[in-house]
1. Determine the principal axes of the Cα atoms in the chain, then give the extent along each, sorted from largest to smallest and rounded to whole angstroms.
2. Apply the a/c threshold of 1.5 to the C-alpha gyration tensor of the stretch 8-69 and tell me whether it is rounded, prolate or oblate.
3. Which length gain, in nm to one decimal place, applies between GLU143 and ILE98 when the Cα-Cα distance is subtracted from 0.36 nm times their residue separation?
4. Express in % the proportion of alpha carbon pairs of the stretch 14-152 at distances exceeding 18 Å.
5. Quick check on the chain: helices-only [θ] at 222 nm, where DSSP H runs of length 4 and up contribute -39,500 (n - 2.57) each and the sum goes over total residues. Nearest 500, please.
6. With each label point set 7 Å from Cα along the Cα-Cβ vector, what nm distance links ARG229 and PHE177?
7. Evaluate the Kirkwood expression for the hydrodynamic radius of the stretch 62-110, namely the inverse of the mean inverse distance over all pairs of different C-alpha atoms, and round to one decimal in Å.
8. Compute the relative contact order of the chain as a whole-number percentage, counting only Cα pairs closer than 8 Å that sit 6 or more residues apart in sequence.
Amino acid sequence: MSPIAAIVTEVAEEMREVGSRGAVADYIPPLAQVPLDKFGLAVVMADGAVHVAGDADEPFSIQSISKVFALTLALGAVGDQLWERVGREPSGSAFNSIVQLETEHGIPRNPFINAGAIVVTDVLLGRLEPREAIGQLLRFVRELAGDDTIAIDEVVAAAESATGFRNRALANYMRAFGNVRGEVERVLGTYFHFCALTMSCRQLALAGRYLMNGGRSDGHRVISEKRARRINALMMSCGHYDNSGDFAYRIGLPGKSGVGGGILAVAPGIASMAVWSPGLNESGNSQLGQMALERLVQRTGWSVFEPRAG
Ligand code: GLN
């Protein structure tokens, strides 16, 4: 067994012993029903080797991790013009917070909080119908992961819509500032479908290869090197909401979480990894997922702050 494979197995085994796992998101039944003891870990190396442990092949709701893929598509569609409508600073607030929008004139702090992702979705809908935008995102992640079985869970999408009062408030508020331009329900219907993407740790880690490989996935160029670097920078500074500083401190990697309990993290040039444990901490990030990544990074030295030769 390779040293990395052994570490992946070891970390997953250690996670079985951890008592305090946080709490499963309970705002919609499909998430509330997920057993707290699920745990999956997948690591895809730059050379293509894949190491998995636990429930790494079980699909789960990736939720806000989809914001990374939506951002990538929006940058592809409108380039740096996106930054006229979304900021690039950590918010220091909860993922669904509305408070900064008033003083900041409807411009969300970054594309990884809900308000930012709603604007990103609106930008995609500037050129596409909702059905096309949803299809585009699905095709994109399928292609990135090399796996056509990836799907959107319509039950989750419907539940998001039925309970999405805060997201409706955010979208309407930004509409009042002119920063959401399309019809609010069309934008939200699309956003909810993005949140409802269902993927396994293995599929997610494979999909993240373009961020590990300077924009290339499986030999194909997906985005420029510069853009990959910049998306990683945003994931590092904003990928975990008001917990982003702590994630950088403990793990030291670009990462993006979702309330389904998944985290996608990238060690540029080294590995793309995904972890899943549905119990969340107070900021809505996977409690065990962070702990597992922390241990993985400590044992591998993959933090981007690790001194490297050269
Ligand atoms: N569907 C969730 C929402 O819009 C996604 C939030 C998250 O994963 N942090 O509130």
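1. Cα extents, longest axis first: 56, 43, 37 Å.
2. oblate
3. Result: 12.8 nm gained on full extension.
4. More than 18 Å apart: 67 percent of the Cα pairs in the stretch 14-152.
5. The helix-only estimate for the chain comes to -13500 deg cm²/dmol at 222 nm.
6. Each label point is offset 7 Å from its Cα along the Cβ direction, giving 3.0 nm.
7. 11.9 Å
8. Reported relative contact order: 26 percent.
A short reminder: the numbers here are calculations on the coordinates, not readings from a lab. This is a predicted model, so every value here is computed, not measured. Ideal geometry is used to build each Cβ from the backbone, glycine not excepted, and the neighbour counts take in all protein chains shown.
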